[in-house]
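Below is one structure, written out as structure tokens; comments come after it.
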Amino acid sequence: MNIKDIAKLCGVSPSTVSKILHNKDSDISVETRKKVLEIIKEYQYVPYSKVINSAAPKTNMIGVLASENDYEVQQFLYAIEEAAARKGYSVILCNAKGEKEKIDKYCRVLENKGVDGIISVCQKEELPEGLKAAQVRILDEKKENQKSGGADIYFELQEAGYMAANYLLEKGHRKIACLLRKEDANIEEGFLLAYKERFISPEKEWIFFGNDEDIVNIGIAKCLNQDVTAVICSDLEIGNILYGKLRERGDTIPNKISVISVRDHAMAEKVYPQMTAVHIPAREIGEAAVDALVEIVEGRKPAYECRKKIELGINERGSVMKPANHDQGRKIVVVGSMNMDCMINVSHIPTGGETVRSGNIVSLPGGKGANQAVGAGRLEGLVYMIGRLGNDSDGKVIYNSLVSSGVHTDGVVFDENVLTGKAYINVAPDGESTIVIYGGANEKLDRSQVKQFEQLLDEAAYCLLTLEIAEETVEYTIQKCKKKNVEVILKPSSVEKMKESLFENIDYFIPNEKEVKQLIPGDTSIEEKAEILLSKGVKNVIITLGHKGCYLKNARYEKYFPAADFYPLDTTGAADAFISAFAVALSEGNDILYAVGFASYAAGVSITRQGVQPAMVDRKGLALYQEEINGFA
Ligand code: RIB
């Protein structure tokens with residue numbers, strides 16, 4: 001088959017086919033070009049010139065033209081070098097700095113050295129025409145085919161800007177600033193597109209272009225004065241400068257301002273909080289460029305078949321959360337304990353005087369209060385934590401877990417003088433556990449801290465409390481809740497007695513079987529104990545019964561619910577998962593029966609995983625059981 005045959009099949013002249021093959025097709029209509037390329041592909045036609053070129057490579061050398069010494073380009077270069085080495089090619093690197101003159105000169109130099117192909121990395125300028133070596137361009141935007149007939153591997157920076165903006169818009173942010181490098185107009189385009197799709201427009205003042213100095217001296221202040229709730233940065237360097245400025249202003253990230261970087265960087269995991277970023281897969285891009293070049297050089301594919309678009313993603317870390325004013329009326333405040341859990345797997349729970357061995361010990365963030373906050377955050381509840389940590393590494397791990405689960409941490413205090421609370425948890429093979437607690441910083445969560453953050457209770461719908469903190473603090477918080485019309489959900493634990501006056505202000509009382517027996521001792525049934533609690537003023541009693549489900553009693557219902565059917569690995573956090581999901585379901589306006597079903601499935605999923613916070617299910621995970629939840633009650 002030759003060029004004339006292709007022309008005949010397409011109903012065009014041979015010169016038209018030739019022009020398309022050599023990318024000299026600016027005067028040819030898009031439809032004709034498309035048709036010709038389709039026929040070429042269908043018949044797998046390889047032009048004669050390529051057949052001649054398909055002899056074995058001459059030198060096994062690849063020339064690479066790079067420009068800026070930025071982090072992203074470096075990642076492409078590492079990937080190119082590694083991929084080339086795997087395929088038996090070595091690399092000559094030329095720093096063309098994006099200048100046309102240098103690009104032309106280096107291309108000549110590389111050809112003289114006899115390279116088999118040239119990869120140009122993020123160069124805005126075209127490669128010179130008439131190069132004999134095969135060519136591949138790595139581009140950060142989609143461009144017309146190369147005049148010189150090479151292949152393109154490209155991602156779209158515009159898409160990265162769109163993804164960053166869309167991610168924030170989906171979380172509920174509407175006032176989003178951009179701190180961009182001068183050359184990043186593509187990011188702005190994507191940003192504007194994400195707004196346009198929602199039929200809203202950002203203010204001009206929210207977008208700032210400049211170099212590092214402009215951004216530090218003018219950009220940040222300009223954007224932040226606009227009362228934005230989130231900022232998109234061109235890269236981690238700018239993000240880091242912003243982190244510093246926000247800290248100086250006393251603005252917490254992401255509670256006050258969410259931050260996302262358009263380009264990712266290894267350092268994004270080393271900053272605090274870890275920075276969420278659009279993921280541009282450098283390794284994949286570098287490898288794709290080498291693959292394409294080698295295919296062309298070794299005559300297996302013509303260049304026009306090697307063009308490839310690389311898809312981007314988001315690396316979710318801890319610097320983005322919903323804006324504080326989102327979804328008013330859904331607010332849940334947790335006032336409670338935070339511990340580092342030392343989970344000890346044992347063959348059985350030891351009894352008095354007994355020693356057992358453990359083959360597996362692991363430390364994980366926990367504490368009933370923090371667990372409930374994390375559980376509610378994972379389920380996309382609007383949740384705030386008031387609690388106390390030691391200023392130590394355990395405290396930081398727990399704080400990170402809260403932030404990365406979407407919990408607002410304005411009310412969390414790091415105490416310089418005490419250690420973070422700890423829990424030593426024995427877990428038996430049937431998933432049952434026992435816990436010993438060292439209160440640490442939790443003991444210092446007192447009424448003055450609740451008073452300090454009491455504005456967090458304003459407009460809250462629910463407050464979650466446990467008795468792992470001082471009863472006096474609980475009592476004070478309940479009083480505040482009553483004044484502010486906030487419904488109280490309380491789980492008793494580690495207490496044998498509760499102050500009588502507390503009961504009348506509890507809207508939802510959620511003990512387990514053991515706890516209710518401790519609080520209401522005597523030879524009465526579960527139903528009778530629940531009745532006694534109602535007579536003390538509690539509005540709704542839900543007694544959790546482990547694998548037997550739970551029992552609800554209030555003025556309207558008296559009902560047993562089965563447990564959601566899951567195989568238990570670790571039941572330690574089941575009640576926390578239950579309570580957090582219950583609160584989220586209520587906060588979304590659901591009735592109590594639906595909320596019990598939602599909570600039962602959240603608890604069910606949690607017992608199939610080890611630990612407490614890592615075991616909490618997220619919204620997508622729970623959505624898998626939506627049908628069962630709907631039919632639960
Ligand atoms: O409910 C489980 C929790 O109880 C554990 O995370 C532990 O820290 C204790 O607070």
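The values are calculated or read from the model by the stated rules, or taken from the named source; none is laboratory data. Fair warning: this is a prediction, and the values are worked out from it, not measured in the lab. Here the Cβ positions follow ideal geometry from the backbone for every residue, glycine too, while neighbour counts run over all protein chains shown. These area figures cover heavy atoms from the full protein model, side chains too; ligands, DNA and RNA do not enter into them. Shrake-Rupley method; radii C 1.70, N 1.55, O 1.52, S 1.80 Å.
Output the residue which, of all residues in the stretch 447-470 that are closer than 22 Å to residue 576 by Cα and more than 16 Å from the ligand (Cβ to nearest atom), is surrounded by the most Cβ atoms within 10 Å (Cβ to Cβ). Please lay out each step first, then the result.
Kept after step one, since they are closer than 22 Å to residue 576 by Cα, are these residues of the stretch 447-470: 450, 456-457, 460-470.
Right, trim to more than 16 Å from the ligand (Cβ to nearest atom) and you get 450, 456-457, 460-463.
Numbers: 450: 22, 456: 20, 457: 22, 460: 21, 461: 20, 462: 24, 463: 27.
My answer is 463.
Pairs meeting the criteria (first residue in the stretch 555-581 and free of Cβ contacts under 8 Å to residues at least 40 places away in the same chain and closer than 17 Å to residue 592 by Cβ, second residue more than 16 Å from the ligand (Cβ to nearest atom) and assigned to a loop (DSSP other than H, G, I, E, B), beta carbons under 6 Å, at least 6 apart or on different chains) are 562/549.
Taken as a whole, the condition of being touching a Phe, Trp or Tyr at 6+ places or on another chain (Cβ under 9 Å) and either surrounded by 18 or more Cβ atoms within 10 Å (Cβ to Cβ) or more than 17 Å from residue 275 (Cβ to Cβ) (or both) applies to residue 222. Take the conditions (1) within 16 Å of the ligand (Cβ to nearest atom); (2) of a type in the set (Asp, Glu); (3) buried (at least 18 other Cβ atoms within 10 Å of the Cβ); residue 513 misses just one of them, which is (3).
Among the numbered conditions (1) touching a Leu at 6+ places or on another chain (Cβ under 6 Å); (2) surrounded by fewer than 21 Cβ atoms within 10 Å (Cβ to Cβ); (3) more than 30 Å from residue 97 (Cβ to Cβ), the only one that residue 196 does not meet is (1).
Residues checked against (1) in a helix (DSSP H, G or I); (2) modelled with pLDDT of 90 or more:
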site	(1), (2)
227	no, no
253	no, yes
260	no, yes
290	yes, yes
293	yes, yes
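Residues in the stretch 392-410 that are among the hydroxyl-bearing types (Ser, Thr, Tyr) and assigned to a helix (DSSP H, G or I): 393, 399, 401, 404. Residues that are within 16 Å of the ligand (Cβ to nearest atom), open to solvent by 50 Å² or more (accessible area, probe 1.4 Å) and in contact with a strand residue (DSSP E or B) (Cβ under 8 Å, 6 or more places away or on another chain) were ranked within the stretch 578-633; the one that is farthest from residue 362 (Cα to Cα) is 614.
Yes/no per residue for (1) in a helix (DSSP H, G or I); (2) closer than 20 Å to residue 544 by Cα:
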{"site": "449", "(1), (2)": "yes, no"}
{"site": "455", "(1), (2)": "yes, no"}
{"site": "461", "(1), (2)": "no, no"}
{"site": "464", "(1), (2)": "no, yes"}
{"site": "488", "(1), (2)": "no, yes"}
{"site": "528", "(1), (2)": "yes, yes"}
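Counting only residues that are open to solvent by less than 60 Å² (accessible area, probe 1.4 Å) and more than 9 Å from the ligand (Cβ to nearest atom), the stretch 419-433 holds 5 of them. When the stretch 542-577 is limited to residues that are polar (S, T, N, Q) and within 16 Å of the ligand (Cβ to nearest atom), the one that is nearest to residue 464 (Cα to Cα) turns out to be 544. Residues of the stretch 244-268 that are surrounded by 21 or more Cβ atoms within 10 Å (Cβ to Cβ) and farther than 29 Å from residue 308 by Cα: 253, 254, 257, 258, 259.
Just wondering, is there one or more residues in the stretch 309-332 that are within 25 Å of residue 262 (Cβ to Cβ) and more than 21 Å from the chain's Cα centre (by Cα)?
Restricting attention to the stretch 309-332, the residues satisfying the condition of being within 25 Å of residue 262 (Cβ to Cβ) are 309-324, 326.
When the remaining residues are screened for being more than 21 Å from the chain's Cα centre (by Cα), the result is 309.
Yes, the stretch 309-332 contains a residue that is within 25 Å of residue 262 (Cβ to Cβ) and more than 21 Å from the chain's Cα centre (by Cα).
For the stretch 429-438, does any single residue satisfy the condition of being free of Cβ contacts under 8 Å to residues at least 60 places away in the same chain and in contact with an Asp or Glu (Cβ under 6 Å, 6 or more places away or on another chain)? The answer is no, given that none of the residues of the stretch 429-438 is free of Cβ contacts under 8 Å to residues at least 60 places away in the same chain and in contact with an Asp or Glu (Cβ under 6 Å, 6 or more places away or on another chain).
Determine whether the stretch 269-283 contains at least one residue that is more than 16 Å from the ligand (Cβ to nearest atom), under 26 Å from residue 414 (Cα atoms), open to solvent by less than 10 Å² (accessible area, probe 1.4 Å) and without any contact (Cβ under 8 Å) to a residue 24 or more places away in the chain. No, that holds for no residue. Residues in the stretch 490-506 that are open to solvent by 60 Å² or more (accessible area, probe 1.4 Å), out of contact with any strand residue (DSSP E or B) (no Cβ under 9 Å at 6 or more places or on another chain) and part of a loop (DSSP other than H, G, I, E, B) were compared, and the one that is nearest to the ligand (Cβ to nearest atom) is 496. With respect to the conditions (1) in a loop (DSSP other than H, G, I, E, B); (2) modelled with pLDDT under 95; (3) under 26 Å from residue 485 (Cβ atoms), residue 469 lacks only one, and its number is (2). Note on the stretch 356-385: residues that are in a strand (DSSP E or B), within 16 Å of the ligand (Cβ to nearest atom) and open to solvent by less than 10 Å² (accessible area, probe 1.4 Å) total 2.
Meeting the requirement of 2 or more residues that are farther than 24 Å from residue 283 by Cα, the strands (runs of 3 or more DSSP E) wholly within the stretch 69-182 are 176-181.
Summed over the stretch 328-355, residues that are within 12 Å of the ligand (Cβ to nearest atom) and under 30 Å from residue 480 (Cβ atoms) total 6.
Tell me the residue from 204, 182 that is farther than 20 Å from residue 226 by Cα, open to solvent by 30 Å² or more (accessible area, probe 1.4 Å) and at pLDDT 90 or above, please.
Working: 204 fails: farther than 20 Å from residue 226 by Cα.
So the residue among 204, 182 that is farther than 20 Å from residue 226 by Cα, open to solvent by 30 Å² or more (accessible area, probe 1.4 Å) and at pLDDT 90 or above is 182.
Could you say whether any residue in the stretch 284-291 is more than 30 Å from residue 20 (Cα to Cα), buried (at least 23 other Cβ atoms within 10 Å of the Cβ), within 26 Å of the chain's Cα centre (by Cα) and away from the ligand (no atom under 16 Å from the Cβ)? It would help to see each step written out before you state the result.
First, the residues of the stretch 284-291 that are more than 30 Å from residue 20 (Cα to Cα): none.
No, the stretch 284-291 contains no residue that is more than 30 Å from residue 20 (Cα to Cα), buried (at least 23 other Cβ atoms within 10 Å of the Cβ), within 26 Å of the chain's Cα centre (by Cα) and away from the ligand (no atom under 16 Å from the Cβ).
Please enumerate the residues belonging to the stretch 235-251 that are within 18 Å of the chain's Cα centre (by Cα) and part of a loop (DSSP other than H, G, I, E, B).
First pass over the stretch 235-251, keeping only residues within 18 Å of the chain's Cα centre (by Cα): 235-236, 239.
Result: 235, single match.
The set of residues in the stretch 232-243 being more than 15 Å from residue 182 (Cα to Cα) and in contact with a helix residue (DSSP H, G or I) (Cβ under 9 Å, 6 or more places away or on another chain) consists of 236, 239, 240, 241, 242.
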